[in-house]
Structure formats: structure tokens, C-alpha cells
Amino acid sequence: MGKVHVLDHPLIQHKLTYIRDKDTGTKEFRELVDEVAMLMAFEITRNLPLQEKTINTPVMEAQTKVLAGKKIGLIPILRAGLGMVDGMLKLIPAARVGHVGLYRDPETLKPVEYYIKLPKDIEERELIVIDPMLATGGSANDTIHSLKKRGAKQIRLMCLVAAPEGVEVIKEEHPDVDIYLAALDDKLDDHGYIVPGLGDAGDRLFGTK
Ligand code: URA
């Protein structure tokens, strides 16, 4: 079963409080999401493999370590996922970025991908699907299915805030996918908003409300 990791670093929790605050304006909201994404990237990359490297310091030859070059792909779900990409790229600048945009057909209720552009070698990459809000889990679930259908083998999901309902969907449908969160909230309200949540992440990031 996929594990749920709530990243409780004090800086993440502090910044998340101001992200949630309704009086935080667009500029500050965007900056804080960027900073939290960077901090989450720090935590999520904790287990990246290292390899030995011999270098010369000004003092002597030394056996040191560098990243073993694991290939990473960031997959933001449009549009709110975009708000977390730059922060993550600050720490993992060589990561490739794929984009997924989808909506649910109101009649068939089937997911419709209106945009998908992925790195060619997704089957070799560790993919991190990014969506700030894991609400019903519908978009993340559909995205992960879509990536698997295209050959992805290693997938993790990173969100700022999740509702238990969304977490259950991902655990059920994708027991191989670990979930990384800054907070696990109480529930969804009747309009599908996470409670207490932070409102509409896309609108707050892009100032569209
Ligand atoms: N999407 C959002 O942006 N916010 C929510 O609370 C739920 C889904």
C-alpha cells in the first residue's frame, strides 16, 4: 500500500499557514507556494541514490559523493500544479517537466485529456505528479492512470493539502504510489472544497477570482 508522508518541517508548516490565510494576496501566495514546493522537494529527494567521486580539495584528494544521476520527471497537473514547478526546479534543475491537462466530461464522466506532453523516456524516470490540492482525487487518479498507460513505472504524488477522500482514492487505485503532503485536512465540503483548505489554488495563484 502506498504510504502517506505529511512533511512536518517547521518551515513548511509556517509558510502553509500564510498560504491558507484568506488575506494573503496573489503575489505573496505565489511566492509562498514556490518556497514550500522547494522545501518539499528537499524532503522528497532525501533518498536519491549517491555515488562515490574522487576530487581534489585544496588540501588533499578526497572520496566524496555526488548524485548517481537518477532521472526525474515533474508532472504538474494544469493549471494549479504549475505553481509548484519552479520551486522544485530550484533544487532539481535537471528534472524534465511534462504537462497534463484534463477535465471530466460532464455527460460520460470520463476523463478527457485536452493536453499531454511528456518527456520521451518516462519509463526510465521517477515521476513526481504535482497538484497542490488533492480533493476528490479524480484528476490525480486519472493522471496517474494515463502515465502508467504510457509506460511510467515509478510515480510519486506531491500535493500541498489533501482531503482524506482523495487520499483513499489514490491508495485504492495506486497502491504503488507514495503521497507527499504538507497537510492532511479534515474533509471535503458540499462544493468539493477541502476543509479547512486554502480555497481555489489555481485562482489564488493566478489571480483569477
Ligand atoms: N481544488 C482547489 O483548488 N481547492 C480545493 O479546496 C479543492 C480543489
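The values are calculated or read from the model by the stated rules, or taken from the named source; none is laboratory data. Keep in mind the model is a prediction, meaning the values are calculated, not measured. Glycine gets a Cβ as well: all are built from the backbone with ideal geometry, and neighbour counts include every protein chain shown. Surface areas here come from the heavy atoms of the whole protein model, side chains and all, with no ligands, DNA or RNA. Shrake-Rupley method; radii C 1.70, N 1.55, O 1.52, S 1.80 Å.
Summary of values
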read-out: Qualifying positions in the range 15-33 - closer than 23 Å to VAL167 by Cα and either without any contact (Cβ under 8 Å) to a residue 60 or more places away in the chain or of a type in the set (D, E, K, R) (or both); value: LYS15, THR17, ARG20
read-out: Residue tally, condition open to solvent by 20 Å² or more (accessible area, probe 1.4 Å), more than 16 Å from the ligand (Cβ to nearest atom) and among the aliphatic types (A, V, I, L, M), over the range 108-153; value: 4
read-out: Residues being modelled with pLDDT of 95 or more, in a loop (DSSP other than H, G, I, E, B) and open to solvent by less than 40 Å² (accessible area, probe 1.4 Å) - total across the range 170-209; value: 6
read-out: Pairs where the first residue, in the range 147-176, is closer than 13 Å to GLU126 by Cα and touching a residue at least 60 places away in the same chain (Cβ under 8 Å) and the second is open to solvent by 10 Å² or more (accessible area, probe 1.4 Å) and in a loop (DSSP other than H, G, I, E, B), C-beta under 7 Å, 6+ apart; value: none
read-out: Which numbered condition LYS53 misses (of (1) of a type in the set (Lys, Arg); (2) touching a residue at least 24 places away in the same chain (Cβ under 8 Å); (3) assigned to a strand (DSSP E or B)); value: (2)
read-out: Within the range 75-84, considering residues that are open to solvent by 10 Å² or more (accessible area, probe 1.4 Å) and in a helix (DSSP H, G or I), the one farthest from LYS148 (Cα to Cα); value: GLY83
read-out: Within the range 97-160, strands (runs of 3 or more DSSP E) holding 2 or more residues that are among the hydrophobic types (A, V, I, L, M, F, W, C) and more than 15 Å from the chain's Cα centre (by Cα); value: 111-117
read-out: In the range 155-169, the residues that are surrounded by fewer than 22 Cβ atoms within 10 Å (Cβ to Cβ) and either touching a Phe, Trp or Tyr at 6+ places or on another chain (Cβ under 7 Å) or closer than 14 Å to ILE44 by Cα (or both); value: ARG156
